[in-house]
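Chemist: Sharing a structure, written as structure tokens. Questions coming.
What follows is calculated from the coordinates using simple rules that are stated; it is not laboratory data. Only a predicted model underlies this, so the values are computations on that prediction, with no experimental measurement involved. Cβ atoms come from the backbone with ideal geometry, glycine included; neighbour counts cover every protein chain shown.
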Amino acid sequence: MQLGFIYFFDKDKLFLFKCNTVSFKVVLLHGMEEMLRNKKIKVTDTRIEILRILQSSSSAISYNTIQERTSQKLDKVTVYRTLDTFESKGIIHSIPSDEGVKLYSFCKDDCEDHQHDDNHVHFNCEKCHKTICLYHTDIPKVKLPEGFFSTSSQLIVNGICRDCNELK
């Protein structure tokens with residue numbers, strides 16, 4: 001049986017829904033502010049807002065999407081620095097898009113500072129253009145030639161997502 005993960009913020013609390021076809025189990029992770037403090041990141045309104053925007057998205061999103069969804073016009077450098085900080089602290093990870101744009105999504109709960117454990121497949125839907133993290137679909141091991149050492153790998157599968165497939 002495969003589990004899925006859904007992140008949900010409500011009143012500065014981050015919930016992780018672990019779900020399968022039989023039941024839903026709700027696990028309280030941390031409040032957003034507490035999560036930032038635990039990662040030794042200063043709590044600011046901008047950082048909280050960016051976390052909320054990332055949480056509210058059902059797929060990985062770009063800087064431009066984040067900027068469009070902010071309640072106020074945020075400084076470009078501040079947003080990029082915030083995303084870089086979140087990524088380096090293991091809160092989010094980035095995914096390259098076909099257009100050369102970075103997309104951002106929450107990490108699984110076992111990522112740490114400068115060490116991501118996001119060894120999962122990303123799915124790019126050719127209809128709705130969403131990029132979705134398939135957390136429980138691991139990237140297959142690749143046997144490298146002698147003398148080569150892998151530090152990371154990425155696998156992006158292109159196709160039609162479940163939601164678009166059901167619309168047929």
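Chemist: Give me log10 I(q)/I(0) at q = 0.10, 0.23 Å⁻¹ for region 42-168, Debye formula, one equal scatterer per alpha-carbon, no solvent.
Modeler: -0.36, -1.44
Chemist: Can you give the extra length, in nm with one decimal, that the chain gains between R81 and E99 once fully stretched, where that is 0.36 nm per residue apart less the Cα-Cα distance?
Modeler: Separation in residues times 0.36 nm, less the Cα-Cα distance, equals 4.3 nm.
Chemist: Give the order of T78, T65 when sorted by the count of other beta carbons within 10 angstrom, beginning with the fewest.
Modeler: So the ranking, lowest neighbour count to highest, is T78, T65.
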